[in-house]
Amino acid sequence: LQAYERRFPTCPLIPMFVASDTVNEYKSEDEAIHVIERRCKLDIDAPRLLKKIAGVDYVYFVQKNSLNRRERTLHIEAYNETFSNRVIINEHCCYTVHPDNEDWTCFEQSASLDIKSFFGFESTVEKIAMKQYTSNIKKGKEIIEYYLKQLEEEGITFVPRWTPPVACKLESSTSHTRRPVSPAINIPDSATKEGLNSKEILNISGSPSEPTAGTPDDKLDADYIKRYLGDLTPMQESCLIRLRQWLQETHKGKIPKDEHILRFLRARDFNIDKAREILCQSLTWRKQHQVDYILDTWNPPQVLQDYYAGGWHHHDKDGRPLYVLRLGQMDTKGLVRALGEEALLRYVLSINEEGLRRCEENTKVFGRPISSWTCLVDLEGLNMRHLWRPGVKALLRIIEVVEANYPETLGRLLILRAPRVFPVLWTLVSPFIDDNTRKKFLIYAGNDYQGPGGLLDYIDKEIIPDFLGGECMCEVPEGGLVPKSLYRTAEELENEDIKLWTETIYQSASVFKGAPHEVLIQIVDASSVITWDFDVCKGDIVFNIFHSKRAPQPPKKDSLGAHSITSPGGNNVQLIDKVWQLGRDYSMVESPLICKEGESVQGSHVTRWPGFYILQWKFHSMPACAATNLPRVDDVLASLQVSSHKCKVMYYTEVIGSEDFRGSMTSLESSHSGFSQLSAATTSSSQSHSSSMISR
């Protein structure tokens, strides 16, 4: 208790605990009972926007500590004072002495959360509450040990047990019986390391005989696991259940199948927090780019069907679907020149989607779980022509997207007939391949694949393709040079790429050095919500939001005017007059946001005043910084980059009236999904803005 009391009136180890005041205190005459009630001031780690909407910077809790020295118990009760008519939070902790060993302390903790209403952000408040509660549980032991050590340094290593006054001893000895106590509960470290869902945390000390709240009544059916998922330890099964349940409670849209969730868990060694992060990024990416419908809605161009030397070919000995790619026979430069990166990327995505479908079919055919495929890459014919740098850049971009969104789908990669030039390509490509994926690579030079440990160990003799010396006719296209008559100009490819992202409501714009693109939004009612969604298709830009009480002059329409530029890649409109001064004629309402090429950005701003708001995309030429220990594509292939003073964005904006906005906090959080940046798939940034949080 002496260590615990040192947390007050404030505790530097708990940054959110700002201050506390004693509002009531009681001590019994024999000093056996000591009750103290405090009012605690907390700075909750919540988005500033939510605090702004709620109208508070701090929240207040009342904590009541009841020490019974006679019973040797300490009960701690806490409840919220702030928003008590909307949210009811109750927490109870109990320290007792173990009945079999008086040197042991038992600790129990439980809490309940009941959100009646909270301005339409009920689910967000629940997440914030659970985050704070989980953090407190993890730090509780650390904090008490810190103050125990502090006491030891002051020479206090023993506190004598309370004894009743002499007058009370006889009476208490005849009337007092020990209060029954709960047995000690060992909470494994893994429970906090792996993360618990909200309902499990609320009952972390429940009786072993009672099911933990939030846990399904039954585990996954054993036959179902064996048939569709494969061998899972109880911990892995629990992670799958919790992550699936979290998605069902929080994710709006199509919930992936257990097999797909399991791939992301395996990719992060069943760390729930990390798996959840990359899975959510992938689900957002799939929704943005309509990947779920690519097999039904997109037909590959005839050039791909004729000259892309790859296709599905039976299965390997483990039942995995087998994809054959004759990379050495493929004219990568011709395909990029004829189609552009976007069409190639989309084709590879369709191949991966087809792979997922074939895995499901083979699972049914072979009666056992098959969640990945085997890829056979024949490099016969690979030469320096394949190291054409724009082609290598396209390959790296494809690897990035596949690594981020199709983890654990490659069961084995067989690279055959690797020529002398292969190490050059491997040096460029290998840094961008995940370590777990790289372990699945088997590389054979020359005809080594025909010897012991070669192709026959993985593929039945009957289905070895004919071009590798087998007897099975392989229907994979032979590739060959793409006729130059099919090549497109840079302008044609640029327009084609734009069409991929402008199939619905999005507009395109060009941003030049010294000529930003600006969009005017007039707000009549304060507290309206401006939302935006844009993709940076080319170059790096800076995104700004400004407010002005007066309307800017409409852009000039004459051909010589500097305010409006029309180009094949999209319009460029400038609204802020050059004579306007920042701080006098208009003001900045959000911190500038630097957005890299390939990023998708969504966010919103709750307006404080009526008037005119200007959304601005401005050219940014500062060098990008790597966010992870993995190298960036642009850093490795710096020589591929051609100096340009033009950027492209695809954008959509909408204004939602304050009375109509009842969405979850998700729509108020800006997020980046790195469509062409490897680092964006695995890292997070704490950079925040007045109305949004950025997650990379």
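The values are calculated or read from the model by the stated rules, or taken from the named source; none is laboratory data. Keep in mind it's a predicted model, so treat the numbers as computed, not measured. Because the Cβ atoms are built from the backbone with ideal geometry, glycine has one as well, and the counts that use them run over all protein chains shown. Accessible surface areas use protein heavy atoms only, side chains included; no ligands, DNA or RNA. Shrake-Rupley method; radii C 1.70, N 1.55, O 1.52, S 1.80 Å.
Here are a few things to note about the model shown:
- In a residue-by-residue description of the range 410-431, the property of being in contact with a Lys or Arg (Cβ under 7 Å, 6 or more places away or on another chain), assigned to a loop (DSSP other than H, G, I, E, B) and closer than 17 Å to GLY319 by Cα applies to no position.
- Qualifying residue in the range 32-46 (condition: modelled with pLDDT of 85 or more, part of a loop (DSSP other than H, G, I, E, B) and touching a Phe, Trp or Tyr at 6+ places or on another chain (Cβ under 9 Å)): yes
- Of all the numbered requirements in (1) at pLDDT below 80; (2) assigned to a strand (DSSP E or B), LEU520 misses one, and that requirement is (1).
- The range 429-456, residues that are touching a residue at least 40 places away in the same chain (Cβ under 8 Å) and either surrounded by fewer than 17 Cβ atoms within 10 Å (Cβ to Cβ) or not assigned by the TED database to the domain that holds VAL392 (or both): PRO431, ASN436
- Selection count where residues are surrounded by 15 or more Cβ atoms within 10 Å (Cβ to Cβ) and assigned to a loop (DSSP other than H, G, I, E, B), scope the range 7-24: 5
- Here the range 104-118 is the region considered, the condition is being assigned to a strand (DSSP E or B) and charged (D, E, K, R), and the residue that is farthest from PHE158 (Cα to Cα) is ASP114.
- Flag if SER173 is farther than 20 Å from ASP103 by Cα, among the hydroxyl-bearing types (Ser, Thr, Tyr) and modelled with pLDDT under 65: yes
- Test: ILE459 is modelled with pLDDT of 90 or more and of a type in the set (Val, Ile, Thr): yes
- Yes/no for ALA418 being more than 26 Å from the chain's Cα centre (by Cα), at pLDDT below 85 and surrounded by 21 or more Cβ atoms within 10 Å (Cβ to Cβ): yes
- At least 1 residues being open to solvent by less than 40 Å² (accessible area, probe 1.4 Å) and aromatic (Phe, Trp, Tyr) is the threshold, and among the helices (runs of 4 or more DSSP H) wholly inside the range 269-364 those reaching it are 272-288.
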